1. How about region A:76-105: which of its residues are within 14 Å of chain B (Cβ to nearest Cβ), in contact with a Lys or Arg (Cβ under 6 Å, 6 or more places away or on another chain) and not hydroxyl-bearing (Ser, Thr, Tyr)?
2. In region B:30-39, is there at least one residue being at pLDDT below 95 and over 27 Å from A:MET88 (Cα atoms)?
3. Taking only region B:5-47 into account, find how many residues are part of a loop (DSSP other than H, G, I, E, B) and either among the hydrophobic types (A, V, I, L, M, F, W, C) or touching a residue at least 24 places away in the same chain (Cβ under 8 Å) (or both).
4. Under the condition of being loosely packed, with under 13 Cβ neighbours inside 10 Å and part of a strand (DSSP E or B), which residue from region B:48-76 is nearest to the other protein chains (Cβ to nearest Cβ)?
Amino acid sequence: DVKVTQSSRYLVKRTGEKVFLECVQDMDHENMFWYRQDPGLGLRLIYFSYDVKMKEKGDIPEGYSVSREKKERFSLILESASTNQTSMYLCASTRHIEGQPQHFGDGTRLSIL
Amino acid sequence: RKEVEQDPGPFNVPEGATVAFNCTYSNSASQSFFWYRQDCRKEPKLLMSVYSSGNEDGRFTAQLNRASQYISLLIRDSKLSDSATYLCVVNTNAGKSTFGDGTTLTVKP
């Protein structure tokens, strides 16, 4: 079974803090993704990566950055957290092969006060 | 217009009912299709892939109509445990998915 592990289930931070969300997968997947999910807005793609040191912007990259130094790890960084970044953050991974579904971590519920 | 659109829902059905969800997608280059299930405050989990010939997994049947760019999910003999949000997912490029906003199902005793 694919295992995608996110570092925290719940996190509370203050406005202006730099926040790191970590995601690790154990299946040697090439592709990794960060989403946020808010009521009424569905899943929105923030950033994704097809390989080590590669990153591409998703639909809502503003206020975020990412890092992929190792194949198994994909980090999401909130450079200066703001209250509108309070959300559920979901990491996913998949093989870079057509027909493969994404596998999600448990999610991190982040609150910015 | 959204790339993937689902029935607005919510669907409230009694136990034992048959319920169908529909989903349309706008990109004719889409190559693979999935249904996910998401429980409240949990992550989405793969329910089943959707194949051109249609496929079945127990009480669940998925259909794909490429000409109409339409996907469906049929749940027979609904159980209380089927209550969840069902997400329609479409892949256009290898590994990159577009998610519908989901349809909420509540199965009542």
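1. The answer is A:MET88, and nothing else.
2. Yes, because at least one residue in region B:30-39 is at pLDDT below 95 and over 27 Å from A:MET88 (Cα atoms).
3. First, pick out the residues of region B:5-47 that are part of a loop (DSSP other than H, G, I, E, B): B:7-10, B:15-18, B:26-31, B:39-43.
When the remaining residues are screened for being either among the hydrophobic types (A, V, I, L, M, F, W, C) or touching a residue at least 24 places away in the same chain (Cβ under 8 Å) (or both), the result is B:7-10, B:15-18, B:26-31, B:39-40.
Total satisfying the criteria: 16.
4. B:ASP57
The values are calculated or read from the model by the stated rules, or taken from the named source; none is laboratory data. Values in this document were obtained by computation on a predicted structure and should not be read as measured data. Heads up, the Cβs are rebuilt from the backbone with ideal geometry, glycines too, and the neighbour counts pull from every protein chain shown.
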